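The values are calculated or read from the model by the stated rules, or taken from the named source; none is laboratory data. Because the structure is predicted, anything quoted here is derived from the model rather than measured. No Cβ is skipped: glycine too gets one built from the backbone with ideal geometry, and neighbour counts run over all protein chains shown.
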């Protein structure tokens, strides 16, 4: 069946008489579809008619940049619900509020019981001289994407106006066609509303390394050309040659339909906490709606608004109090994440972790001791959980803050039971706004693999970064052995057994006579030998500390971390051996006793960490996590008094 025939069938279906006025949704984008799905969940018998002005089947607009970059487009699965009618290619041009009906482009009226406007937004086109020249494109829908994809085949140089989320996604997609791409951003840095200057600088460096030019703090003064585009001019006089310009400088809510029928309008269609407009029979959701002076340009807030509107339309009380803005972008291998208000100027504590080897930067912002916002450039596996913690303003304990400063993570694991232990409202798939509760319901209904969860909920169908979390939820996450796990385990056990001998009655005896052929006690009686073993211990202690220093000092980043870890454990065994030569398994008295107690505790804690790492693929997950966490903390805490005790020990030895 051709597209025209499909439209004709849909048109006839939508004009069919219904027994009672339906709920009418104007807009078949992601938010309109989510609203229809939510309404069907509340009342499967309710008649719903959804109008879409585009001629093709509903699609996921979030995937447009991926499609432009070459990924095959995916339509939303067609609904088999007889009570939902989707009318494609049928624009609504007027709303008759008095008679409670909408009128399409053919002049046909459709009555409604309740009307929901999900008309979305359009690309903001600033009044730049030359904006009407051939070669200027917007990028908001599939038509734009098709036109831009056709243009990219012949384009050799493209300017993207706007360095926000959409601008970077567009630049990423177009750069794959061997096109020279330049991003021009009016603000001081890229992603101005989501990142601070430091994180944006790291992102800009990555974008430049990909071959994409970036110009910030500049506006396009004019687009030059007569019969064809020649380039753009910026205020400082620079001329940037190009044959294509893409507008990605923000959005303009589609409010004309609401304005024409007399609804209250500001930047968007004004709505209350129930998502009602100034007409009690009309609701608005998504990018066309303005709630408490805010228009959200992201899909996730629209999904939340759709859920609230569906509750109220079904006779249930629900209030929308605003959304926590969270964005994720992957610029060819560089994940960028932001959640919460990162621009707030009131006093907040900022914690930073920098991974020098990869260039990753992670930041969290605390209001008192509660998580208020977070951002990162580079991979951050626990970001979904961070997002939920910011949403709920969860309390951050001192040990969480210390762990973040040392390792860049807030939690030792993904929580009790992994993702299954997260709150039901916690977002697992940020791209589609899918919560842990949504996924658990799908599992309860029979989903046993990621493919089924993707089909039922849409999770992992956009960027795919949540697939490991889906595997964990399904209990299918495979824990593979670490490199050289046998060496780690055996050496750790040997070190632990040797260290435990200090706490036993066993000690190497002093020789009673000088005539003995084997005088091993010379090792701790002779001053020279004592100094050799003592300074060897001091040197090994410093070497053992390099494993943690390696994470933070750029010139130490040669070799694999697995190799450094094995070397660390082997050095620990060597330390035990030298310690035997230095003490003969004696704990000593007073200062020496406390020094030996700390030293042996450090060795035991380190051995426990290494053994758990080596055996984590066979141990119960909870046991492995808890043992490793406790051992690491014991190791860290025992390190604090060691320098002071060693210093006093050396001073005592040479002073007295």
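Here are a few things to note about the model shown:
- Checking each residue of the range 221-232 against the condition of being touching a helix residue (DSSP H, G or I) at 6+ places or on another chain (Cβ under 7 Å), within 29 Å of residue 145 (Cβ to Cβ), at pLDDT 95 or above and surrounded by 14 or more Cβ atoms within 10 Å (Cβ to Cβ) gives no match.
- From 320, 296, 283, residue being outside the structural domain of residue 196 (by TED's automatic domain parsing), in contact (Cβ under 8 Å) with a residue 24 or more places away in the chain, within 30 Å of residue 114 (Cα to Cα) and more than 27 Å from the chain's Cα centre (by Cα): 283
- Residue selected from the range 356-376 under the condition within 16 Å of residue 201 (Cα to Cα) and in contact with a strand residue (DSSP E or B) (Cβ under 8 Å, 6 or more places away or on another chain), by the criterion modelled with the lowest pLDDT: 359
- Those residues of the range 128-151 which are surrounded by fewer than 21 Cβ atoms within 10 Å (Cβ to Cβ) and within 14 Å of residue 177 (Cα to Cα), in sequence order: 149, 150, 151
- For the range 407-430, the count of residues that are touching a strand residue (DSSP E or B) at 6+ places or on another chain (Cβ under 6 Å), closer than 30 Å to residue 610 by Cα, surrounded by 14 or more Cβ atoms within 10 Å (Cβ to Cβ) and at pLDDT 80 or above is nonzero.
Yes or no, residue by residue, for (1) modelled with pLDDT under 90; (2) surrounded by fewer than 18 Cβ atoms within 10 Å (Cβ to Cβ); (3) assigned by TED's automatic domain parsing to the domain that holds residue 458:
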position	(1), (2), (3)
25	no, no, no
43	yes, yes, no
50	no, no, no
81	yes, yes, no
101	no, yes, no
114	no, no, no
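- Residue within the range 202-213 that is surrounded by 17 or more Cβ atoms within 10 Å (Cβ to Cβ) and in a strand (DSSP E or B) present: no
- Residue 393 meets the stated requirement of being modelled with pLDDT of 75 or more and surrounded by fewer than 19 Cβ atoms within 10 Å (Cβ to Cβ).
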